[in-house]
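Report on one structure; see the data block that follows.
What follows is calculated from the coordinates using simple rules that are stated; it is not laboratory data. As the structure is a computational prediction, the values presented were derived from the model and not from experiment. Don't worry about glycine lacking a Cβ; one is built from the backbone with ideal geometry, like all the others, and counts go over all protein chains shown.
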Amino acid sequence: MSKLNRRDFLKVASLIPGAIALSSLAPKIVPQGARPNVIILLFDAMSATNLSLYGYPRETTPNFKRFAERANVYHAHNSAGNFTSPGTASLLTGMYPWTHRAINMGGLIARDLLDRNLFRFFGDGYTRLAYSQNLWVNYFLTQFGVDVDTVLSPASFSSVARITGANFGDPMAYRAYDDFLFHDGKPPSSLVFGLADRLLFRREYFTESHSRADYPDGMPRAGVYPIYFELKKVFDGIFSTLETLRVERAPYISYFHLWAPHAPYRPARQFMDLFSNDNWRPEKKPEHPLSLKVAQSQLNTRRRNYDEYVANVDAEFGRLMDRLEASGALDNSYVLVTADHGEMFERGEDGHVTPLLYAPVTQVPLMISAPGQRSRLDVHAPTNSVDVLPTLLHLTGHEVPDWCEGRPLPGLGGVDDAERSTFTVEAKNNPAFAPLRMVSVAMLKGGYKLTYYKGYRGKDSFELYNMHNDPQEMVDLFASEKSVAVQLKDELLERLDQVNTRFQKS
């Protein structure tokens, strides 16, 4: 029998459902002792500030709250970036965006740092599987190459999809093919092939979607790419994949990056209008000079649609956890639930394509349940997405490398440290390998949050908030609390200077 190499396997796996590909084609690995499995569930654009788990007035997450009763729950967890590329890259590498340099929209990790990824450390006896509905994350997964045993296509578990570039092993070929033919721009990238494909796909989509009574506004979609899915099918596919791993390929580390609740917000019928009559209105906040200046009434409607979509995701998550519990999968698995960034519906801003770094777009959920855990631990110390890699390495007996910019989380090998400095970096309009001259940086330390906006509209500015007394970030203390402001400003600017020195021209 001929032996499948990795590239051949990826070509086949991208064309058939993920679980079937795993069970019928992948080589079997004999379970080794009691080494724990790792299950990472990342929900794209899920803001902690919109989850009832963290005190949000709308009951958006009863099932996440139920899961929290058996997990470590982190209340001040921030992403290192405010959109997918920097946030996800920091989680997978343990480095801040100014180090790994995946700072642009759809950016890539610096080539000389590619061996610094989570999957590399689990190569000894672990099965490593990754799945992302967000194509930008697949750029990283293809960059990591041999460090990931199985990369499922973004189209896996979808109802209607036309993504072919996943067959390419090189991220540049991957990007060029799908962006050229299938990116849903206006007009199509290719006026001949792109337009013809769009017409054919529209016919296929409308034929399929008309039979989907659960989605009267249309099925959820993975951004501008032709990937339409039903949440139920996606979660069913994840469960089937995890069952195959548990039975045939343990121990394993699995990374599932789900598109929902990212826009477009399309909840199933039973969640539509769930909060339309609750009469709750968010606190109105002043419009920021760097925002899109969207009207507050429009933002309130968008927030309600988002909250309904979050509730839909929560219900499917609860169903998945119940099935994993019944199968025994949780008995020997760490389950990590988080997000790459959040969403904003305030200050004139809609979404997360913004230079702003307020809590709704930076503060994300983090829950980690240990094998067999039955009690809850709440952690209020500031943590960051760069802490995920060192934490998982520590929990599974791997050495934490000295280049890692994160540290093990409190309650899981680390200690509470309110005076620790953590960072969120936004620099999508800055060249990837140049000094950061147009950048937003938020630094959390000692209960304060200092945000630096550099290079926007010809001037620089700072904002300072006391996150303990003013979690809504309404009172800027930069001018009034001068001693704190100067201390934090000096530290932030010194750190930024250190970063920029690496890219200064001689």
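May I ask you to sort PHE239, PHE140 by Cβ crowding, counting other Cβ atoms within 10 Å and putting the fewest first? List each step's numbers first, then the result.
Working: PHE239 19, PHE140 26.
Going from sparsest to densest Cβ surroundings: PHE239, PHE140.
Wrap a convex hull around the Cα atoms of the stretch 223-342, take a quarter of its surface area, and give that in square nanometres.
Values: hull surface 40.5 nm².
It is 10.1 nm².
Which ordering of PHE121, PHE478, PHE423 is given by a fewest-first count of other beta-carbon atoms within 10 Å?
Numbers: PHE121 21, PHE478 18, PHE423 24.
Fewest to most other Cβ atoms nearby, the residues stand as PHE478, PHE121, PHE423.
Hey, can you rank 69-75, 486-492 by average C-beta count inside 10 Å, highest first? Walk me through the numbers on the way to the answer.
Details: 69-75: 20.6, 486-492: 15.7.
In descending order of packing, they fall as 69-75, 486-492.
Just subtract the alpha-carbon distance of SER375 and GLN504 from 0.36 nm times their residue separation and send over the number in nm, one decimal.
Numbers: separation 129, 0.36 × 129 = 46.44 nm, distance 5.03 nm.
Extra length available between SER375 and GLN504 comes to 41.4 nm.
Go ahead and run the numbers for FRET between GLU419 and GLU283, Cβ-Cβ distance against an R0 of 35 Å, rounding to 0.05.
Details: r = 30 Å, r/R0 = 0.85.
Efficiency for this residue pair is about 0.75.
Sort GLU463, GLU419, GLU343, GLU287 so the one with the fewest other Cβ atoms within 10 Å of its own Cβ comes first. Provide the component values of the computation, followed by the final result.
On the way: GLU463 19, GLU419 9, GLU343 25, GLU287 16.
In order of increasing Cβ crowding within 10 Å: GLU419, GLU287, GLU463, GLU343.
Points 7 angstrom from Cα along the Cβ direction at ARG437 and ARG319: gap in nanometres?
5.2
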